[in-house]
């Protein structure tokens with residue numbers, strides 16, 4: 001990576017995103033800059049100040065307001081970082097919309113898809129071109145992001161798809177939810193499954209186009225599964241949290257991937273969990289999850 005690096009984390013006011021900012025700020029150098037982003041100005045300002053004052057912080061930490069559902073704002077921030085610094089070295093797309101088990105998945109679909117998928121596509125499109133040689137572009141997904149978790153009827157929408165095709169599939173899914181035809185088409189009620197598969201498919205699409213050049217320059221694009229993390233977003237969904245990690249612990253493996261040198265070609269463009277790539281075609285449809293949520 002470059003001697004003076006720029007890192008950016010979305011959804012970083014709390015939880016895993018906040019822990020990733022803290023970890024980057026502790027592991028990077030004093031001349032480096034870590035940008036903590038979120039959509040609420042006061043929360044971003046407070047969080048950035050708190051991280052900057054932690055005893056282990058070495059790098060500079062600044063807050064930036066970024067609403068990831070505003071794709072124009074994502075593009076403007078990427079161009080601003082190109083103009084100011086010549087690009088960016090670490091981008092972690094981490095933002096997620098919180099949905100509770102008792103809430104209607106269909107009613108929350110637009111917000112969930114906009115935050116998790118439309119934003120992921122925009123980050124890949126806007127920050128890919130400004131990622132400096134040796135950089136890292138990481139999308140936080142989950143183990144549910146492997147293709148096998150979807151009904152086989154839907155596999156062709158995401159397997160070996162381009163980013164445009166992934167975007168089309170996501171919008172088709174959104175339309176099916178609104179038209180109440182999602183179940184008959186094979187889409188699960190639980191939004192998290194198709195959303196995570198689409199995130200990983202988007203990463204794979206961009207990585208397929210850049211692989212040779214990126215590996216030659218030590219650059220990594222990948223999706224990552226941090227494992228079960230004890231956060232306000234995930235806690236309502238599980239009755240047994242005995243194996244859950246704290247955000248700080250979960251951030252450790254992600255940070256190891258981001259800061260590892262050299263890049264492992266086996267991890268490039270893949271969904272990575274604890275340093276190992278998860279096979280894209282693994283998994284089975286999670287039929288039982290439909291019983292946990294309301295349509």
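List of remarks:
- Residue match in the stretch 168-189 (condition: under 19 Å from the mean Cα position of the chain (by Cα) and within 17 Å of residue 222 (Cβ to Cβ)): no
- Among residues of the stretch 206-218 that are on the phi > 0 side of the Ramachandran plot and in contact (Cβ under 8 Å) with a residue 60 or more places away in the chain, those with a Cβ under 6 angstrom from a residue that is exposed (fewer than 14 other Cβ atoms within 10 Å of the Cβ) and assigned to a loop (DSSP other than H, G, I, E, B), sequence gap 6+ or separate chain, pair up as 218/262.
- Number of positions in the stretch 142-176 that are on the phi < 0 side of the Ramachandran plot and outside any helix (DSSP H, G or I): 7
- Helices (runs of 4 or more DSSP H) (entirely within the stretch 181-267) containing at least 2 residues that are modelled with pLDDT of 95 or more and over 22 Å from residue 34 (Cβ atoms): 182-185, 192-216
- When we screen 106, 95 for residues that are modelled with pLDDT under 95 and under 17 Å from residue 72 (Cβ atoms), the only hit is 95.
- Which numbered condition residue 139 misses (of (1) surrounded by fewer than 21 Cβ atoms within 10 Å (Cβ to Cβ); (2) part of a strand (DSSP E or B)): (1)
- Residue count for the stretch 89-107 satisfying the condition of being surrounded by fewer than 20 Cβ atoms within 10 Å (Cβ to Cβ), touching a residue at least 12 places away in the same chain (Cβ under 8 Å) and not in a strand (DSSP E or B): 6.
- Which numbered condition residue 125 misses (of (1) under 19 Å from the mean Cα position of the chain (by Cα); (2) buried (at least 20 other Cβ atoms within 10 Å of the Cβ)): (2)
- The single residue among 180, 204, 210 that is out of contact with any helix residue (DSSP H, G or I) (no Cβ under 9 Å at 6 or more places or on another chain) and buried (at least 17 other Cβ atoms within 10 Å of the Cβ) turns out to be 210.
- Check on residue 132, modelled with pLDDT of 95 or more, in contact with a helix residue (DSSP H, G or I) (Cβ under 8 Å, 6 or more places away or on another chain), part of a strand (DSSP E or B) and buried (at least 18 other Cβ atoms within 10 Å of the Cβ): no
- Looking at 244, 277, 266, just one residue is touching a helix residue (DSSP H, G or I) at 6+ places or on another chain (Cβ under 6 Å), without any contact (Cβ under 8 Å) to a residue 60 or more places away in the chain and surrounded by fewer than 18 Cβ atoms within 10 Å (Cβ to Cβ), and that residue is 277.
- Inter-residue pairs, beta-carbon under 8 Å, first in contact (Cβ under 8 Å) with a residue 40 or more places away in the chain and in the stretch 163-177, second part of a helix (DSSP H, G or I) and surrounded by fewer than 18 Cβ atoms within 10 Å (Cβ to Cβ), 6+ apart: 163/125; 174/110
The values are calculated or read from the model by the stated rules, or taken from the named source; none is laboratory data. From a predicted model like this one, the values you see are computed outputs, not experimental measurements. Cβ: placed from backbone, ideal geometry, glycine included. Neighbour counts: every protein chain shown.
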